[in-house]
Amino acid sequence: MQPQKIMGIGCLYSDPAAPVGCGGVACDVPMAAVAMGQHAFSASRVGLDQAGSQIRNTLAEADINTAAIQVDSDLPTARIARIAFSNEPPRLGTDNAIGNLQWDADLEDMAIAADVVVYDSVSRFNGQCRSTIDRVLDSAKRAIRILDHNTDLVQEAVDSSLVLQALKLADGCVMPIDQLAWLEPVLRDLTVNEAAGRFLNAHELQMLLLMEPARGMATLQTAEGTIQASFQGQLNRHQALVSLVLGVTAGMPLQVCLNTAMAIGCADAGSIDTSWLKME
C-alpha cells in the first residue's frame with residue numbers, strides 16, 4: 001500500500017502542556033500520519049507572533065507540509081485556556097487567527113491531492129472559517145472526509161446545529177458516544193447499536209466511530225453493522241483514527257482494523273509498527 005496524503009484542517013493552537021507545544025486537529029492528525037509513515041499536511045491560520053512561528057517550525061521539523069498554514073498580521077495565534085484545579089475541558093477563544101482562515105491556491109492544491117481530510121467541529125465558531133473548510137471539503141473529491149467532533153476542547157459558540165451542518169460533507173465521524181443523544185435527542189432511549197445505525201443512515205455516513213474512554217471501549221458502525229473493541233490506558237484518538245482509516249482503505253477486515261487502531265492509539269508515537277499495512 002502506497003503512503004496516503006492525510007490532511008488535518010481546522011484548529012491549531014499553542015499549548016505549553018502538549019508534548020510538542022501545540023495541538024488541534026491541524027497538528028495532531030498530521031503528527032499521527034507521520035508516525036505511521038504517511039504524507040502529512042496541516043492547514044490552519046496562526047498569528048504573526050512567536051507562538052505562530054514556533055508552531056510552524058515544530059510541524060515543519062516533523063516533516064509535515066505547512067504550505068497551507070496561513071499567517072495573519074492582525075489576529076494572534078490561538079491559545080487554549082485551562083481552569084486551575086478544575087476537571088472542565090480547556091476552552092478555545094474566538095479572538096484568534098483560526099477564524100480568519102481563507103481560501104487560497106495552497107488550500108486548493110492540498111484539497112485536490114488529499115486522500116484523507118480530517119476536520120473538526122471546534123473551529124466552526126466563525127463563518128469565514130466554516131465556509132473555507134467547507135470549500136476544501138467540497139474540492140476534496142477523491143478524499144475520505146472525517147469529522148472529528150470531540151468534547152475535550154470546548155468552544156461555546158459551537159452548538160449542535162453547527163456540528164450537524166459540519167456532517168453534511170462528511171464520509172465519516174469520530175466522537176464521544178454521549179454526543180449521539182446531544183446531537184439527536186430522539187436517539188436517547190435506544191441501544192448503542194440502534195442509535196449508531198440510525199445516525200449513520202440519517203447522515204449518509206460510511207463510518208461512525210464512537211469513543212467511551214471511561215469504559216475503554218470503541219464502537220464502529222458501518223453499513224455492515226456494529227463492532228466493538230476495547231483498549232487500555234490513555235488513547236490518542238487521532239492515532240487510532242488514522243490507523244483505522246488506513247486499515248479500511250487497505251481493505252482489511254473491519255474487526256482487525258478496529259482492534260489494530262485501538263492498539264496503535266495507545267502506543268507511543270515513536271514506536272508504531274506500520275508493517276501490518278505493508279508500507280515498508
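Scan Arg79, Arg130 and give me the residue that is part of a strand (DSSP E or B) and among the charged types (D, E, K, R).
Unique residue meeting the criteria: Arg79.
Residues that are within 21 Å of the chain's Cα centre (by Cα), surrounded by 13 or more Cβ atoms within 10 Å (Cβ to Cβ) and of a type in the set (A, V, I, L, M): does the stretch 186-196 have at least one?
yes
Among Ala223, Ala229, which is of a type in the set (A, V, I, L, M), in contact with a helix residue (DSSP H, G or I) (Cβ under 8 Å, 6 or more places away or on another chain), surrounded by fewer than 17 Cβ atoms within 10 Å (Cβ to Cβ) and at negative phi?
Being of a type in the set (A, V, I, L, M), in contact with a helix residue (DSSP H, G or I) (Cβ under 8 Å, 6 or more places away or on another chain), surrounded by fewer than 17 Cβ atoms within 10 Å (Cβ to Cβ) and at negative phi holds for just one of Ala223, Ala229, which is Ala223.
Is it the case that some residue within the stretch 38-46 is surrounded by fewer than 16 Cβ atoms within 10 Å (Cβ to Cβ) and touching a residue at least 24 places away in the same chain (Cβ under 8 Å)?
Within the stretch 38-46 (the criterion being surrounded by fewer than 16 Cβ atoms within 10 Å (Cβ to Cβ) and touching a residue at least 24 places away in the same chain (Cβ under 8 Å)), the answer is no, since none of the residues qualifies.
Of the residues that sit in the stretch 60-78 and are out of contact with any helix residue (DSSP H, G or I) (no Cβ under 6 Å at 6 or more places or on another chain) and within 19 Å of Ala43 (Cβ to Cβ), which one is surrounded by the fewest Cβ atoms within 10 Å (Cβ to Cβ)?
Here the residue is Ser73.
Does Leu190 fit the bill of being at pLDDT below 95, not in a helix (DSSP H, G or I) and not basic (Lys, Arg)?
For Leu190, the condition - at pLDDT below 95, not in a helix (DSSP H, G or I) and not basic (Lys, Arg) - is not met.
Among (1) in a helix (DSSP H, G or I); (2) in contact with a helix residue (DSSP H, G or I) (Cβ under 6 Å, 6 or more places away or on another chain); (3) in contact (Cβ under 8 Å) with a residue 24 or more places away in the chain, which single condition is Leu167 missing?
Tallying (1) in a helix (DSSP H, G or I); (2) in contact with a helix residue (DSSP H, G or I) (Cβ under 6 Å, 6 or more places away or on another chain); (3) in contact (Cβ under 8 Å) with a residue 24 or more places away in the chain, Leu167 fails exactly one: (2).
Quick one: which residue in Leu153, Leu187, Leu169 is over 22 Å from Gln4 (Cβ atoms) and out of contact with any Pro (no Cβ under 9 Å at 6 or more places or on another chain)?
None of the others qualify; the one that does is Leu187.
Within the stretch 129-159, can you find the residues that are exposed (fewer than 15 other Cβ atoms within 10 Å of the Cβ) and modelled with pLDDT of 95 or more?
Ser131, Asp138
Between a residue in the stretch 1-19 that is within 20 Å of Val158 (Cβ to Cβ) and part of a strand (DSSP E or B) and any residue that is modelled with pLDDT under 95 and of a type in the set (Val, Ile, Thr), which pairs come within a Cβ distance under 6 Å, given they are 6 or more apart or on different chains?
Qualifying pairs under 6 Å: Tyr13/Ile80.
Filter the stretch 69-88 for residues that are among the hydrophobic types (A, V, I, L, M, F, W, C) and touching a residue at least 40 places away in the same chain (Cβ under 8 Å); which is farthest from Gly10 (Cα to Cα)?
Ile80
For the stretch 232-256, give me each residue that is without any contact (Cβ under 8 Å) to a residue 24 or more places away in the chain and either surrounded by 22 or more Cβ atoms within 10 Å (Cβ to Cβ) or assigned to a helix (DSSP H, G or I) (or both).
Val256
Take the stretch 231-248 and flag every residue that is in contact with a strand residue (DSSP E or B) (Cβ under 7 Å, 6 or more places away or on another chain) and within 10 Å of Ala32 (Cβ to Cβ).
Listed by number, the residues that qualify are Arg237, Leu241, Val242.
I need every pair where a residue in the stretch 95-124 that is within 15 Å of Gln4 (Cβ to Cβ) and in contact (Cβ under 8 Å) with a residue 24 or more places away in the chain has its Cβ under 7 Å from the Cβ of a residue that is assigned to a strand (DSSP E or B) and acidic (Asp, Glu), sequence separation at least 6 or different chains.
Cβ pairs passing all conditions: Val118/Asp148.
Taking Pro30 and the conditions (1) at pLDDT below 95; (2) assigned to a helix (DSSP H, G or I), which numbered condition does it fall short on, given that it satisfies the others?
Exception for Pro30: condition (1).
The values are calculated or read from the model by the stated rules, or taken from the named source; none is laboratory data. Since we're looking at a predicted model, the values are computed, not measured. Here the Cβ is made from the backbone with ideal geometry for all residues, glycine too, and neighbour counts use every protein chain on show.
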